[in-house]
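The values are calculated or read from the model by the stated rules, or taken from the named source; none is laboratory data. As the structure is a computational prediction, the values presented were derived from the model and not from experiment. We place every Cβ from the backbone using ideal geometry, glycine too, and count neighbours over all the protein chains shown. Keep in mind that these areas ignore ligands, DNA and RNA; they rest on the heavy atoms of the full protein, side chains included. Shrake-Rupley method; radii C 1.70, N 1.55, O 1.52, S 1.80 Å.
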Amino acid sequence: MGIGGGIALLVVGAILSFGISDRLEGIDLTVIGYICMGAGALMLVLAIVMNSQRANTTHRQVVEHREEPPLPPSTTTVHRETVERRQEPPLPPTA
């Protein structure tokens, strides 16, 4: 409810205390208005104190940063291919 609720109770209490002159049998609207104004003032003070405490807090943010491990040195595979070529004797001429 906070600050708005405290102000609303103050206004309702003031209207009941000072604005209404009707009397209901067994109910004193002036006393009810004073009770509402007292509750509204208390609520307003508590809301302001709570908001000021909330504003004085410190916030700490922990950021975790992980680096990827370096890649191992690239191992280049050398493919060697040995090709043996035999020179065959020339074929005899055919007649």
Report task. Might you check whether a residue that is modelled with pLDDT under 90 and among the β-branched types (Val, Ile, Thr) occurs anywhere in the range 34-44? Result -> no
Query - Index of the failed condition, Thr57 passing every other in (1) modelled with pLDDT of 75 or more; (2) exposed (fewer than 10 other Cβ atoms within 10 Å of the Cβ); (3) under 30 Å from Leu9 (Cα atoms) - result: (1)
Requested in this report: Determine which single condition Ala95 fails, assuming it passes every other condition in (1) small (Gly, Ala, Ser); (2) modelled with pLDDT of 70 or more; (3) exposed (fewer than 10 other Cβ atoms within 10 Å of the Cβ); (4) more than 27 Å from the chain's Cα centre (by Cα).
Outcome: (2)
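Each row is one residue, and each column tells you yes or no for (1) modelled with pLDDT under 70; (2) in a loop (DSSP other than H, G, I, E, B).
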{"residue": "Leu46", "(1), (2)": "no, no"}
{"residue": "Gln61", "(1), (2)": "no, yes"}
{"residue": "Glu64", "(1), (2)": "no, yes"}
{"residue": "Pro73", "(1), (2)": "yes, yes"}
Query raised in the report: Is there a residue being hydroxyl-bearing (Ser, Thr, Tyr), open to solvent by 80 Å² or more (accessible area, probe 1.4 Å) and outside any helix (DSSP H, G or I) anywhere in the range 14-28?
Result: yes
